[in-house]
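Trainee: Below is one structure. I have some questions about it.
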Amino acid sequence: MTDDIAYPPVELILGLHDQIVAEGESTEPGVRSEDAIGSALQYISEGFFGEVPETIHEKAVHLMRLLVAEHPFVDGNKRTALRTVVVFYMLNGYAFDYGDEIRALLHRFATDEAAVDIDTAVIYFRGCAGRN
């Protein structure tokens, strides 16, 4: 990691998921793949196959995408991904003030991630993220 961006550790994301489970009356606990979480973090920090998300907003979009699409948890993947992105921005001095559009984006990442225009998502994230 050669940038000045702070990344949440896997343990923090697992803790965020535990919070989601505790808050949801019908949310099933359980982790399917801790490796998928680590892989998402590795991609946004170091990249794969010569592709590295450059800006914090690109990194945030891909973090959300991967945590939703890879389904590392038994339940609560979209909520955990959203909370993780909020925390990721907080760790880097931003507030992520998203609107209702985020629900549609989370749903698309879960059902047809290839159909999501990443550039448009990055523009949306950039508009929602403001410096603290």
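The values are calculated or read from the model by the stated rules, or taken from the named source; none is laboratory data. It should be emphasised that the depicted structure is a prediction, and the values quoted were computed from it without experimental measurement. Glycine also receives a Cβ, built like all others from the backbone with ideal geometry; neighbour counts cover every protein chain displayed.
Trainee: Checking the condition touching a His at 6+ places or on another chain (Cβ under 9 Å) and not in a helix (DSSP H, G or I), which residue from Pro29, Pro8 passes?
Mentor: Answer to the check: Pro29.
Trainee: Quick one: how many residues across the range 1-30 are over 14 Å from Arg79 (Cα atoms) and under 17 Å from the mean Cα position of the chain (by Cα)?
Mentor: Summing the residues that are over 14 Å from Arg79 (Cα atoms) and under 17 Å from the mean Cα position of the chain (by Cα) in the range 1-30 gives 8.
Trainee: Here is a further query. Which of the residues that make up the range 91-132 are of a type outside the set (Asp, Glu) and touching a strand residue (DSSP E or B) at 6+ places or on another chain (Cβ under 8 Å)?
Mentor: Correct list: Gly93, Tyr94, Ala95, Phe96, Phe125, Cys128, Ala129, Gly130, Arg131, Asn132.
Trainee: Here is a further query. For the range 11-26, what are the residues that are without any contact (Cβ under 8 Å) to a residue 24 or more places away in the chain and not in a loop (DSSP other than H, G, I, E, B)?
Mentor: Of everything in the range 11-26, those that are without any contact (Cβ under 8 Å) to a residue 24 or more places away in the chain and not in a loop (DSSP other than H, G, I, E, B) turn out to be Glu11, Leu14, Gly15, Asp18, Ala22, Glu23.
Trainee: Starting from the range 88-106, keep only residues that are modelled with pLDDT of 95 or more, then list their pairs with residues that are assigned to a helix (DSSP H, G or I) and charged (D, E, K, R) whose Cβ atoms are within a distance under 6 Å, requiring at least 6 positions of separation or different chains.
Mentor: Final answer for the pair search is Leu106/Lys78.
Trainee: Considering every residue within the range 65-72, establish whether at least one is basic (Lys, Arg), buried (at least 21 other Cβ atoms within 10 Å of the Cβ), under 30 Å from Ser26 (Cβ atoms) and out of contact with any strand residue (DSSP E or B) (no Cβ under 9 Å at 6 or more places or on another chain).
Mentor: Here is the first cut: in the range 65-72, the residues basic (Lys, Arg) are 65.
Keeping just the survivors that are buried (at least 21 other Cβ atoms within 10 Å of the Cβ) gives 65.
Still in the list and also under 30 Å from Ser26 (Cβ atoms): 65.
Among the residues that remain, those that are also out of contact with any strand residue (DSSP E or B) (no Cβ under 9 Å at 6 or more places or on another chain) are: 65.
Yes: the range 65-72 contains one or more residues that are basic (Lys, Arg), buried (at least 21 other Cβ atoms within 10 Å of the Cβ), under 30 Å from Ser26 (Cβ atoms) and out of contact with any strand residue (DSSP E or B) (no Cβ under 9 Å at 6 or more places or on another chain).
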